[in-house]
1. Please go through (1) at pLDDT 95 or above; (2) surrounded by fewer than 16 Cβ atoms within 10 Å (Cβ to Cβ); (3) more than 23 Å from residue A:194 (Cβ to Cβ) for residue A:242 and return the number of the only condition it doesn't satisfy.
2. Conditions: (1) at negative phi; (2) surrounded by fewer than 20 Cβ atoms within 10 Å (Cβ to Cβ); (3) in contact (Cβ under 8 Å) with a residue 60 or more places away in the chain; (4) more than 17 Å from the chain's Cα centre (by Cα). Residue A:262 meets all but one. Number of the miss?
3. How many residues does the range A:245-256 contain that are within 15 Å of the chain's Cα centre (by Cα) and in contact (Cβ under 8 Å) with a residue 60 or more places away in the chain?
4. Tell me whether the range A:146-157 contains one or more residues that are in a helix (DSSP H, G or I), within 16 Å of DNA strand B (Cβ to nearest atom), at pLDDT 95 or above and surrounded by 15 or more Cβ atoms within 10 Å (Cβ to Cβ).
5. Select from the range A:205-218 the residues that are in contact (Cβ under 8 Å) with a residue 40 or more places away in the chain and either in a helix (DSSP H, G or I) or over 15 Å from residue A:171 (Cα atoms) (or both) and list them in ascending order.
6. Let me spell it out: the conditions are (1) crowded, with 22+ Cβ neighbours inside 10 Å; (2) farther than 30 Å from residue A:228 by Cα, and residue A:164 meets all of them except one. Which number is the exception?
7. Please specify each residue of the range A:62-86 satisfying the condition of being within 15 Å of DNA strand B (Cβ to nearest atom), more than 19 Å from residue A:32 (Cα to Cα) and out of contact with any helix residue (DSSP H, G or I) (no Cβ under 8 Å at 6 or more places or on another chain).
8. Would you please name the residue that is farthest from residue A:24 (Cα to Cα), looking only at residues in the range A:180-200 that are over 19 Å from the mean Cα position of the chain (by Cα) and away from DNA strand B (no atom under 16 Å from the Cβ)?
DNA sequence: ATGACAGTCTGCGACTGA
């Protein structure tokens, strides 16, 4: 159609690029976030760990760059947001299954238009350490709720992308030191088994679908020179249902933001979805 | 080497994260 092409859509050629990034405080990271939005110009950005209530989100700076915005925030910790060049229709701002859970870790919205309509979720799965604690139980329960919800989403005839910080390294090849991390909540069989259960539902790990290599990471600890040594973990993921996977173009980890001053300890992962072919 | 991280607010120390 003759619709005007918005700035930043050139690389997508009518498709759209969806990125997930744990920014570790949207206020502390605002210059980094704006630099990234200006240079990469994703059509959709799924942010985690904004660490502020929705009313404190730097809305104007984002909207000035042509993004619509949806936020599920809370004071001090957690918090997720979705930025999109096209309007957002929020579907839910909490993960169903536990009315008593007030942590802001899940936000789901429908965005895109015409042949590029897509349902996206920005999710921040609990860390779960130390293993054996109530935090670990919360992580596994949260993952069980995500599995149940992901199953209900399969009934929809639309593309679905569940993106964010899963706090799970799916396999030893996603960890710089698998032996050292064997008993960590990010690598435990209980965590990995639930991640695999998502794949068994039919969701596709977009990065793994496009890359066979091991030793590619999305997170590097601030301490002990982990970034300079490239000692990290791949824990941020884009999971695609079949409708989305059928449209999957490239999927890449953008290491650029991790190397900048005042960086988050995570870096973005993004994928490109082409137009629906029908 | 008496060190070597970075957010948050309960704020000059404690808590959380991965």
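The values are calculated or read from the model by the stated rules, or taken from the named source; none is laboratory data. Computed from a predicted structure; not experimentally measured. Note that each Cβ is placed from the backbone with ideal geometry, even for glycine, and that neighbours are counted across all protein chains shown.
1. Result: residue A:242 fails condition (3) only.
2. Status for residue A:262: all satisfied but (1).
3. Number satisfying all stated conditions: 1.
4. yes
5. A:206, A:207, A:209, A:210
6. Of (1) crowded, with 22+ Cβ neighbours inside 10 Å; (2) farther than 30 Å from residue A:228 by Cα, only one is false for residue A:164: (2).
7. Within the range A:62-86, A:74, A:75, A:76, A:77 qualify.
8. A:200
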